[in-house]
1. Might you tell me the accessible area per residue for the stretch 15-111, computed with a 1.4 Å probe and given in Å²?
2. Of the listed peptides 23-32, 91-100, what is their order by residue-averaged count of other C-beta atoms within 10 Å, with the highest listed first?
3. List, in order, the whole-Hz ³J(HN,Hα) value for each residue of the stretch 18-32 obtained from phi through the Karplus relation with A = 6.51, B = -1.76, C = 1.60 and θ = phi - 60°; use x for Gly and Pro.
4. Counting Lys and Arg as +1 and Asp and Glu as -1, each charge on the Cβ, what is the dipole of the stretch 21-78 about the Cα centre in debye, to the nearest 20?
5. Rounded to the nearest percent, how much of the accessible area of the stretch 21-111 (1.4 Å probe, protein heavy atoms only) is carbon and sulfur?
Amino acid sequence: LEQLIWVGNDEDNQEDEWGSIRERAELAISAADALSVILAVCRGYMQMKSRSLADSVAVTGLISLTGKKPSPISTWAPVRRSLLDLGTKCVSSPWPDGAMSASMNDLRQAA
């Protein structure tokens, strides 16, 4: 999901990027979907460190949807859907200590 962060200064300057935008989008979709499945299956049984990382990744993805200049791949509908699903899974899955995710505001803004 790091691929949501655009390294180049503009879309024409892609020498620092790997693969096509489509390939990067497909990778971001696959990663978000995989993390969503892990959250749905493990729910409150994930270790705190793993759950914290999952929430951090989801928040980064959600913020990329609402940024002033989003990366080209975060504007694709399938990428947006995957990231919104990931955010929904984070919000609906409890933490190991029973707490709720703090990413509700980020999800609401991205939706």
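The values are calculated or read from the model by the stated rules, or taken from the named source; none is laboratory data. All values reported here derive from a predicted model rather than from experimental measurement. Cβ sites come from the backbone with ideal geometry, for glycine too, and all protein chains shown count toward neighbours. Note: accessible area is taken over every heavy atom of the protein model, side chains too, but ligands, DNA and RNA are not part of it. Shrake-Rupley method; radii C 1.70, N 1.55, O 1.52, S 1.80 Å.
1. Accessible surface, normalised per residue, equals 56 Å².
2. 23-32, 91-100
3. Computed from phi, the couplings for the stretch 18-32 are 10, x, 7, 4, 4, 4, 5, 5, 5, 5, 5, 5, 4, 5, 5 Hz.
4. Value, rounded to 20: 180 debye.
5. That fraction is 61 percent.
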